[in-house]
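Worksheet for the structure shown next.
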Amino acid sequence: MSSVLLHLPIAASQSLHKCHEEEKSALLEIKRSLKEGPEYCYYKFFSPGDYKKLESWKPEEGQEGGNCCTWRGVQCDRHSGHVMRLNLGNACLYGSINSSSSLLRLVHLENLELTANKISFSPIPPEISNLSRLTVLDLSKNVLTGEIPSSLGNLTRLSYLDLSFNYLTGQIPSFLGNFYKLSQLYLDNNQFTGPIPSSFWNLTQLSRLYLSQNQLTGQIPSFFGTLTQLSELRLNDNRLTGQIPSLLGNLSQLSLLNLSHNQLTGQIPSSLGNLTRISTINLWHNQLTGEIPDSLITLRQLKSLYLCSNKLTGPIPSQLGSLIHLENLDLSWNGLHGPVPTSISHLSNLMYLDLCVNNLNGDLHLGMFSGLKRLKTLVLSFNDFSLLLEPNASESYPLLWALGLASCKLHEFPEFLRHQHDPLFLDLSYNNISGQIPVWFSSFVYMRSLNLSHNYLTGFPQHLVFLNWTQLGSLDLRSNQLQKPLPAVPLATIQFYFVSNNRLSGTISSMICNMSNVQVLDLAKNNFSGVIPQCLSNLSSPLMVFSLHNNNLHGGIPQLHKGTCSLRMIDFSNNRLGGPLPRSLENCVELEFLNVGNNMIQDIFPSWLGSLANLKVLILRSNRLHGPIMEPKSNLDFPNLQIVDLSCNTLVGFLPSNYFLYWKAMRFLNTSRPSYFGESWNVPLFSFVYYPGYYDYSMTIINKGMVMEYAKILEYLTFIDLSSNNFTGEIPNSIGSLKGLHLLNLSHNV
């Protein structure tokens, strides 16, 4: 709770009267209706005292416990004895409160705090209007559902209202604008829709307004500029459109402005330079254009500036170094150009700097950052500058937690890394680094994510057989020249393991079956031989992506995931695998992509895969499939299939006319914004900082003798290839219903 709750002068021990019997009875009924225990705690970490608040609530007369004014969480008026405050926040409670709840009989309540429990209001009962004296109402972090009832509008004395972190729906009611005394309003982390009510212009006492993480639409009202008491405004993670109102520059008390993760357009208003008390501006992940206003350089109290993932152009302001209190600066994923201003070296308080994915150019001396002793995160990846390393780098560099130098035209490992004690995240991908990975890498025992992909590395030192990085979650060594066996990784922590497109050989170690938390396993495009380890049938990890394509593997495909299957992508193509497809794939209900093309699979058409409602890509090209394709058992078979390649097999009979009717994903043109098949995730680094990861699905299509490599697959691509089989009969008319079909190949049949 905020400081607004700290000004209640009444202590239970100071009450001159015992509580009223009817209120005591109501409190005891509340106790009987709720369960308490550690299993109901909202927060992961708690103390035993958190879930024992109700122990002091005892009915016995003649004991201290008989006076409810002495009970934990209860405060009474010292003159009247009426219960005025009920604080059961973070008490590990479970239950429900409805229209008949005795809570609603405590009509003298001025302060009600039930935050951080598992109490269900389904919905908020209209009788809450009985509590008309409430000035503070905190029901946050519970299980509130439905819409806010209109009867809540009778609580006009409210100065503090917190309904955040629930499941409330509908539009934000306009009657909240009648709460003229309201100083703090928290409606964030719900499911509200519609516009921000125009009645909010009445809330002239408002100091904090949190509407973030909903589904609000429309524009940011310009009248916010008249709410001059606002100190914190959070509208992030909605669907707001239009421009940032220039009148926001009138909010002279504002210390925090968060408009991130919306669809805002236009330029950043120069009037934001008037916010002389602002410490945090977060505008990231919008569609803002233009240059960074020079007026922002006048904000001397600014500590955090987040402008990433927009469409900003122009240079980084040269006087950026005058923001001497700046701790966090993120300008990544824009179109900024020009040199990195040397004045950044004056930001002695800087801890986080991310300039990646821009068009910054010129020569950049890495030594510029050596004097920033508080710097913990430095990301310069994917720009156009030439990074110049210090020839005699010493221990003078700050000890970094995260360093991103991808695509910085490096030809060697930066020498200063040798003196880094505990980096958690290191990205040197897409450079020209060759040779062996230095032995001093093994000293990075706290490493959580290492990306050395797309270089010319040959391997680790031969004596290094195990990477003692006990917290390693992601290792990416794709597209190098690795030949020798790799050191073993911590099996319990590794989640993302990429070694594809190298020269690794030998058999695949059965140790992969002990990767208990692996989500992405990519061993493709190597020279692995032998069989796929049979122990994979017992793999209990949350494996999503499993790629072994373009190796020399033989034998059968093992039964995958006898229990729960999390697989979304399987690519075993271009090997020498035989036998039938394992029926255990039927259990992989999340499977989207299955490619076992160019093998020696002996089977009939796997119609049993039709029950996989999420399957979109099915490639069985160039195997030994035989027999007819039988009619589907249901009109719900393969409902989302949009790429199917059965070419170069020995399938016979008529073309599957009814399947063409049921493949609904191909029946309509997709005009949505282009996106690609793949997976994304976040690797936790430290505190609330995460490193995003991506894995794009890929495939090869052969159409009329032309080989087409798709390094990324557009989600709206549709394709049917049944060529080079022994199908007979006519082309069914039902193919004409596939209006969204891009490619069709029925050639070389009978």
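Taken together, the values in this text are just the output of simple stated rules run on the coordinates, not laboratory data. Predicted model, so just to flag it, every value in this text is computed and none were measured. No Cβ is skipped: glycine too gets one built from the backbone with ideal geometry, and neighbour counts run over all protein chains shown.
The table for this structure:
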| read-out | value |
| --- | --- |
| Table column - 3J(HN,Hα) (Hz), segment 498-513, Karplus curve with 6.51, -1.76, 1.60, x for Gly and Pro | 10, 9, 5, 6, 10, 10, 6, 9, x, 8, 7, 5, 5, 4, 4, 6 |
| Free-standing Cys residues across the chain, given no other cysteine C-beta under 4.7 angstrom | CYS308, CYS356, CYS408, CYS648 |
| DSSP-defined antiparallel bridges as percent of all bridges, the chain, nearest 5 | 15 |
| Pairwise label distance in nanometres, SER510 with GLU590, each label 7 Å out on the Cα-Cβ vector | 2.8 |
| Residues whose placed amide H lies under 5 Å from that of SER183, excluding near-sequence neighbours | TYR160 |
| Rounded to whole Hz, the Karplus (6.51, -1.76, 1.60) HN-Hα couplings of segment 573-578, x for glycine and proline | 5, 6, 10, 10, 6, x |
| Selection from LEU741, GLY627, ILE316 lying farthest towards where the dipole of the chain points positive, charges on Cβ | GLY627 |
| Relative contact order for the chain, counting Cα pairs under 8 Å that sit 6 or more residues apart, in percent | 4 |
| Cα-centred dipole magnitude for the chain, charges only on beta-carbon of K, R (+1) and D, E (-1), debye, nearest 20 | 240 |
| 28 Å Cα-Cα reach of LYS31 towards lysines, excluding residues that sit fewer than 8 places from it in its own chain | LYS18, LYS44, LYS52, LYS53, LYS58, LYS118, LYS141 |
| Cβ-based net charge around LEU612, under 15 Å, with every Lys or Arg adding one and every Asp or Glu removing one | +1 |
| Neighbour net charge for ILE629 - beta-carbon separation under 13 angstrom, K R +1, D E -1 | -2 |
| On Cα atoms only, tilt of 21-33 relative to the major axis of the chain in degrees | 10 |
| From the coordinates shown, Cα extents along the principal axes in Å corresponds to which of [x] 94, 69, 50; [y] 106, 75, 49; [z] 109, 59, 52 | [x] |
| Relative contact order computed over segment 512-745 (Cα-Cα under 8 Å; 6+ residues apart), in percent | 13 |
| Amide proton proximity set for GLN436, modelled H, under 5 Å, gap of 5+ | THR458 |
| Distance-filtered residues of segment 115-149 - backbone nitrogen under 12 Å, label point 7 angstrom along SER80 Cα→Cβ | 132-134 |
| Sum of side-chain charges, ASN142 neighbourhood, beta-carbon under 15 Å (Lys, Arg +1; Asp, Glu -1) | -2 |
| Neighbour cut-off at most 15 other Cβ (10 Å), DSSP loop, trypsin sites (Lys or Arg not before Pro), segment 246-353 | ARG277, ARG300, LYS311 |
